[in-house]
Every structure is written in C-alpha cells, then in structure tokens.
Amino acid sequence: MEEKIISKSEIGTLLDKLKEAHSIIAPVHRNGELSFDRIDSADEVVLEYSNTRKAPKSVFFPQQEVMFAYSKTESGTQVREPDLEEDVLLFGVRPCDVRSFLLLDKVFGSDDYEDVYYLRRRENSGIIGLACNNPRQTCFCTTVGSGPFNHDGMDLLLVDLGDKYLAEAVTERGEGMIDNFSDASDADKQKRNDIRENAEKGIKPVVVDLEGLKDKLDGMFDADVWDEFHTKCLGCATCTYLCPTCHCFDIYEEEETNNSGYRLRMWDSCALSLFTLHTSGHNPRTSTKERTRQRIMHKFNYFVHNYDDFACVGCGRCVQNCPVNLDIRDVLSTIAHL
Amino acid sequence: MSEATTDWEPRIVAFLCTWCSYAGADLAGISRLQYPTNVRVIRVPCSGRLDPFYIIKALQRGADGVLVSGCHPGDCHYISGNYVARRRFSILKRLLEYVGIEPGRVQFTWISAAEAERFAKMMRKVTADVKALGPAKRLVKDYGAISRLVD
Amino acid sequence: MEDQIRDTAVKLLKDGSVGMIIGYEAGTLPLRASPCVITNAEQTDRLVWNMSCGSNLATYLPSVAKANPDQKIGILAKGCDSRSILGLIKERQIERDGIYVIGMPCSGILDRRKIESDLNGAEILEAHIDGDKLTLSTSEHPASSIQYPVSSIIHSSCSTCQHRTPVLYDVLIEDSSGNPNALSAPDASPYEQVEAMESQSADERWEYFMSEMSKCIRCYACRGACPFCYCTQCFVDQNQPQWFGKTTELSDIAIFHLVRAFHVAGRCVSCGACARACPMGVDLMYLTRKIEKDLDELYGYVAGLDVEELAPFATFRKDDPQEFITEPD
C-alpha cells in the first residue's frame, strides 16, 4: 500500500479537506483535560501527546445513550430513535485504542448478537491512527498482541518523523485520503523503521510472557492468589470506565413525565458491588476478592475462550489511574510465576 | 422546563407538615383568603421527615421554586422533628446557594395551624420571589444533552 | 520513621497483639504508594511511609473488621485518618478495642496532580524527596532533574490541616523526618478557600460548579476512598424508587456530588482522599469544606475529635440559628 509524506503544516490542510465530508474526532484540550472530541477547526488538534485519560471507545459505545424515547399521546405512542448516521473520522488515535475497537467488534457484532447502536456507528466511521514513538512506562501493548506501530483496524497510520509525517495507507479508503501527497523516499521509510524499532524496544521489557495464561487460569478459580491483593481495591469503576475494551452495560428506563420517557443504555462495571446483585438480594460476588478475580478471569481467560484474544490492549490506563495503584501487570506477573 | 414568556407562571412545590402548616393552608382556604395558585402542595407528616432528596429532586424535575414549611420550633407535633429539620435545612440551603442556586428558589419557613393569613402572605411572597428569578434552569435535567434523536 | 513502623509491626504481629496490619507499600510508579494488608512478621519489610501515602486507610476498616471478627486489626493512621477512625467508632462501624492504631505524625501528602499538570504531559521517570525538596526526572528531561520545594506541592487538604498529630492511637511513631513542615502550624485557615468562593456571585459560583462537575465520569472512586461511604446500598444505587440518574448528564452528576457531600456532613474530616482518588481531578473538597465551615460556625462542631459528642444532625439546640427562615414581610 502507498506510503506518502505529509509535512506538519500540511496536516491542517488535510484535516480541513476531510472535515468537509466527516465529523472529525481527535485529541483536543477540553476543560483542562486532553480527550477525544469533535473539532471545530484543525488548530485544536493535539498530536504531541502520549495518550488521553479516557479511551475513545465512547465514540462507538457512549457512556450513556438513549436507545429510544417514547411519548404517549391521544393519537398513540410515538417512539423516537437515536441518530446513528453521523459520518465520523477518528484522527490521531493510538494503535492500542484502535485495536480495542477490533476487540469490541467481536462482542457487539458476533454471530449471536448484532448491536445496532454500536455497529451503525462503526460502519459510519474511518480511522487515522498515530504511531507511538515514545511509549510510556505503563504501556505493555506488545505483551498482549499489539505494538506501537501496529496499524490493524486503521485506514491510515501517521508516523511522526520529526519534521513531517509518513502516512501508511492500510485500506483503499486510506489511500484515497493521501492521493495528493508525495511518495515517501527510501530514507523516510528507513527513518520510520528506526523509530519503530526504538519504540518497540522502549516498551518496558515484556512484563511477563502471557503464553499459556489462559490455560493456567482455567484451573485457578479457587486459587489462593485472589486473596492476596484484593483488599486494597476500592470497588470503584475507574479501571473499567477508562479501559478501552471494557464493555459491560446496564439498561434501564427513566420517566420524564407520566406519559413520556427514555430507555437508556449505560456503562456498568463488574468492579461495582451492584453488578451481580440479584433481585432476591443474593450477590454471588460479595467482596472485592470475587470482583478483582472476575476482572482478571474475564480479560485473560473467558474472553480468550470466547473470542481467541485477550481483552486487554496494554494501554496502561488502569495502571496510571487506579486510585490505589493496584497494578494489573503485577497481578499478571504473579500469576504467570505461580 | 418552563419557558419565560410574559405569561409565564412559576410552578412551586410546597412541602407542608400535616399538623401545622397544612392545617394553616386549610384554614386559609376555609377563610377564603386569596393567594396565587402557583403552589402545588405535598403534605408530609412532619418537616423533619423531609429528606433533602425531595427538594433536590423537585429542582431536577423542573420546579421553579421549593418551599418547606413546618411547625414553629417548640410546637412540633412530634416534639423535636422541626428542630432536626432546622439543622438539616440550614446546611442544605447554604450548600445549594454556595454552588449557585439562586437565593429565593428554595425557601423554608414555619407556619402554624392558626396562621391562615401568614400562609397566604407566604404564598404571595414566595411566588413573587420565584417569579422575579425566572424559570429554573440550574439543576434541571436536560435529556437533550445525552440524546440525539431522529424525529 | 519507616524503620520504627516496621519494628512496631514485627512486634505486634509476633506477639499476637494483632492478626493483621493495614498499611502502605511502595507503588509501582514514581510518587505512588499503595494500601496493603500484611498478616505476618516476614512481610513487614513491605511497609513504607512517605509523602505519597495519601489513601485514608480507615476506609477499609468496616469491611475488614466484618470479614475478620475474631482478629484485632492493626492500622496506620495519619492525623486525618485517626479522626476518621474516631468517627467510625462513634458510628459503631468498628469497635475501639477491635483495632490497634499506629499513629503517624504527618506533615502532608503530595498533590501528584499538581505536579503532573505542571509537567504538561511529560512522564515522571524517577522521584525522590530529600528534606524539603522533591527532585524528579521526566521523559522530557531524563538526565536532568527538576526540583520543587515540597511546600509548593503539598495537597490542599494538608496545607491547612490543624490535626497533624493523630487524635487517637495505641502507639505514636516518633517524627524523625527532619521535615521542616513537620508538625508546624498550618499556613492558612481551612476556610479561606470557602470564603473566597462565598464572595463570588451566584453566577460565578454556578460556572465553577458546572466546570468541575463536567469532569466527572461517575466512577465512584471518591465514594470508595471515603471512610464514611460504607452504606450497603448507596443512594445512587437505589432503584425502588430511582431517586437520581447515573448518567453523566450535568444535573445527575451535580446531584450525586451535592448529596454525597451532604451525607458525609459532620463526618468528613477533609482528609482529601476523595480528591486524590479522583482520576479526573474534580475539585471535590470545595463542597465538603463549605459544609465543614457551616457546621463549625453554626453549631461549633468539628468532626473526628470527640467520640462522645453527638453528630450535628443527631442533636439540636432550642436556640439553633434560623436566620435562613423566610418571614412573609
């Protein structure tokens, strides 16, 4: 596929052109925080950054969304549905986050179940990624099957060569976006290779080899290890809400008036005690022990059984933001060494 | 959410305690005293029963004003309900105003069973206060913020 | 001080005075410490004490005590944490003689977020504190060091703390840190920030409130970190009836924080654990501080100092102030 050069000043022009046909969602500063949001102008886009605190999964799977709104009138019940047709282009997304979309695709678009809310938004989207030249101390994407220059799931991957970007087309659509730019030279490509090698080496030595982890966890539901680290867990939803691959949700209705209301879907979290509370009052996961075990088992065992992949992209957000520094890498390492 | 037009009338929720304030309201009615119709009354056994949830929920649902009224301190039918309420509401009112809820939207008072005239005056005052503030917008739930619906 | 803590821990575990100790261990990242539970004397080397020990360990007491009813629980407590422990005893969530409190005189916890925002996205690679200076190396300047006077990066909960020595303890660790902040008088009144906000207009205050609330992602880290949020069913989780929504619509968020602040009224000691736990940096303390000030001014009540004293909403005086009452004329 094509590999072209885009100078730093030309990025703005590219964005302006793309903005004509798409809503562009890119990293921007909002209220003191770097996050993915729709842009009004190309100037807002931030491309010198490590990663956002919140994952971009909310583009396809918002924290809350109205599934439908109903209102009862004399002439009958009117139902309104959400607008899923917005043409969106995600710009400047990291490979780990793009990989998370591929994992979410497996859940929301499986043989058993097709989630129209997620899938329509996905179908109406394109992705321009940004390679990681300088992974963070908390990144471990290479441990879970990805990498700082991985372009799976993207239309186009941008690599920062310092004074310009090398644009790698991944799909035909991506090729179409960079038609008018000049080809990358051999020197450019070599520079990209060097930066890539450096980045991959820069990721903290693979924390632990996760080969065989799924099989190991198969027999570990009742292991003692789950007693060792759960007490510090606060039972909040920080890790799950910031995680690019966590996808659990709850559905409930809210009445606005006696005759109208909404059915909402909202993020839920297995870390919260309410998650498995039965209507009888029984809760099979009574403490943080069962819930932290669930997190690890789901991501590194159950999901692998169901979809052949770890439900983790190694972005490190949970490590960075956990209020009590419960480090998933340590947990994995402990288990791997058992 | 009510719209501010020239004929906009505020909708005010009034939580009245059964033994004093509600009885006072009743007496105002029997005495044919005139007062604005903006107030919707919700009767509670005692002002001390009123959980701040009710006040906050009323605001979230679009009430333009909230009034809570109980027996005068010392006269509570349940002896000390209004003393407890006094502390609770004092802190709540200060907190709500601290975050920017306009003073006058949420008000508290004492009205006894015999004070029909006081009740009527209070209704007029609160209605005028809230009318001057305009329709409530702060803390009102905006479903539009979390939905983009196709008609 | 770390050695003293470890020695004390070894003694307590070995002689069976306690069945376990809740303390802090080193974090996996610079400027982090992590709560831990140790159950035997061989594990005591894990215990640390530094300016990143920001969690309020009292939050673990009710559940750990319940899960281990026959054991005495050792716990490290800073000044603020000890006041929370006193509050939990007052509310009968724990028994005084079910715990052994290792008191830690504290000269303040770091505001990691303040440092991170100053570094503007650069990652902290290494950090250490020497006396009154914090020295860092970052991803942008890996070789050189950036320095901060510790006093400039103390958390706002600590810079106005009036109770740096624990109010409740079974043993008090001696403060040998040589830290110039140690046990010195706090620099400002804890209510100064509240007064500054009070002097602004309602519109300005609403704007600030909304800008802080818009950061919240409803993760409930604040609730988890707080020792007084121990309800088996939190009000936001009630669905019969569903009082309030759990969405990130602004009124839903605002109401969660208003009601939570109200629910910890008279119990909150402004330890700051909620603000430090929040991944999004919401200014949580500005609400609780206001209530704290009002309770002090109106009823002379300060939380966490007297276990016999009735909580402010559990009592009343016939002459309680009522200037807030509306008179019709």
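Would you check if there is a residue in the range C:284-300 being within 14 Å of chain A (Cβ to nearest Cβ), at negative phi, modelled with pLDDT of 95 or more and surrounded by 23 or more Cβ atoms within 10 Å (Cβ to Cβ)? Within the range C:284-300, one or more residues are within 14 Å of chain A (Cβ to nearest Cβ), at negative phi, modelled with pLDDT of 95 or more and surrounded by 23 or more Cβ atoms within 10 Å (Cβ to Cβ). Answer yes if at least one residue in the range C:210-233 is farther than 22 Å from B:R61 by Cα and in contact with a strand residue (DSSP E or B) (Cβ under 8 Å, 6 or more places away or on another chain), and no otherwise. Yes - at least one qualifying residue is present in the range C:210-233. Look at (1) modelled with pLDDT of 95 or more; (2) of a type in the set (K, R); (3) within 27 Å of the chain's Cα centre (by Cα) and you find that A:K214 fails only one, number (1).
Restricting to the range C:9-47, give me the number of residues that are part of a helix (DSSP H, G or I) and either within 11 Å of another protein chain (Cβ to nearest Cβ) or crowded, with 22+ Cβ neighbours inside 10 Å (or both). Going through the range C:9-47 one residue at a time, the tally reaches 3.
For the residues C:E323, C:E292, C:E297, the requirement of being out of contact with any helix residue (DSSP H, G or I) (no Cβ under 7 Å at 6 or more places or on another chain), acidic (D, E), over 16 Å from C:C229 (Cβ atoms) and in a loop (DSSP other than H, G, I, E, B) singles out C:E323. Each residue in the range C:253-286 was checked for being free of Cβ contacts under 8 Å to residues at least 12 places away in the same chain and in contact with a Gly (Cβ under 8 Å, 6 or more places away or on another chain), and 0 of them qualify. Residues to consider are C:S55, C:S63; find the one that is buried (at least 22 other Cβ atoms within 10 Å of the Cβ), under 19 Å from A:P323 (Cα atoms), within 14 Å of another protein chain (Cβ to nearest Cβ) and not aromatic (F, W, Y). Result of the check over C:S55, C:S63: C:S55. Among residues that are within 30 Å of A:Q320 (Cβ to Cβ) and either under 14 Å from the mean Cα position of the chain (by Cα) or in contact (Cβ under 8 Å) with a residue 12 or more places away in the chain (or both), A:A131 is included. For the range A:278-325, the set of residues classified as β-branched (V, I, T), more than 18 Å from A:Y241 (Cβ to Cβ) and assigned to a loop (DSSP other than H, G, I, E, B) consists of A:T279, A:T286, listed by residue number. B:C20 falls short on exactly one of the conditions (1) of a type outside the set (F, W, Y); (2) surrounded by fewer than 21 Cβ atoms within 10 Å (Cβ to Cβ); (3) more than 19 Å from C:A265 (Cβ to Cβ), and that condition is (2). Of the residues making up the range A:19-32, those that are more than 10 Å from every other protein chain (Cβ to nearest Cβ) and either of a type in the set (K, R) or touching a residue at least 12 places away in the same chain (Cβ under 8 Å) (or both) are A:K19, A:A21, A:H22, A:S23, A:I24, A:I25, A:A26, A:P27, A:V28, A:H29. Among the residues that make up the range A:54-64, is at least one of them more than 14 Å from chain B (Cβ to nearest Cβ) and either in a strand (DSSP E or B) or under 25 Å from C:P142 (Cα atoms) (or both)? No: the range A:54-64 contains no residue that is more than 14 Å from chain B (Cβ to nearest Cβ) and either in a strand (DSSP E or B) or under 25 Å from C:P142 (Cα atoms) (or both).
One line per residue, one yes/no per condition, for (1) within 12 Å of chain C (Cβ to nearest Cβ); (2) farther than 29 Å from A:Q320 by Cβ; (3) part of a strand (DSSP E or B); (4) more than 18 Å from the chain's Cα centre (by Cα):
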residue	(1), (2), (3), (4)
A:L14	no, yes, no, yes
A:K17	no, yes, no, yes
A:L34	yes, no, yes, no
A:S50	yes, no, no, no
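Looking only at residues of the range C:239-255 that are within 13 Å of chain A (Cβ to nearest Cβ) and outside any loop (DSSP other than H, G, I, E, B), we find that the one that is surrounded by the fewest Cβ atoms within 10 Å (Cβ to Cβ) is C:L250. Taking the range A:181-271 as the region of interest, the helices (runs of 4 or more DSSP H) fully inside it that hold 2 or more residues being surrounded by fewer than 20 Cβ atoms within 10 Å (Cβ to Cβ) and away from chain C (no Cβ under 14 Å) are A:186-202, A:213-218.
For first residues located in the range C:202-228 and touching a residue at least 60 places away in the same chain (Cβ under 8 Å) and under 17 Å from A:F275 (Cβ atoms), partners that are among the polar types (S, T, N, Q) and buried (at least 24 other Cβ atoms within 10 Å of the Cβ) and lie 6+ apart or on another chain with Cβ distances below 7 Å form the pairs C:C219/A:T238.
Kindly evaluate B:T18 against the criterion of being of a type in the set (V, I, T), closer than 27 Å to C:D319 by Cα and out of contact with any helix residue (DSSP H, G or I) (no Cβ under 9 Å at 6 or more places or on another chain). When the stated conditions are applied, B:T18 passes them.
Restricting A:N325, A:N301 to those that are within 14 Å of another protein chain (Cβ to nearest Cβ), modelled with pLDDT of 95 or more and under 30 Å from A:R136 (Cβ atoms) reduces the list to A:N325.
The values are calculated or read from the model by the stated rules, or taken from the named source; none is laboratory data. If you're wondering where the values come from, they're calculated on a predicted model, not measured in any experiment. When we count neighbours, we look across all protein chains shown, and the Cβ atoms used for this are built from the backbone with ideal geometry, even at glycine.
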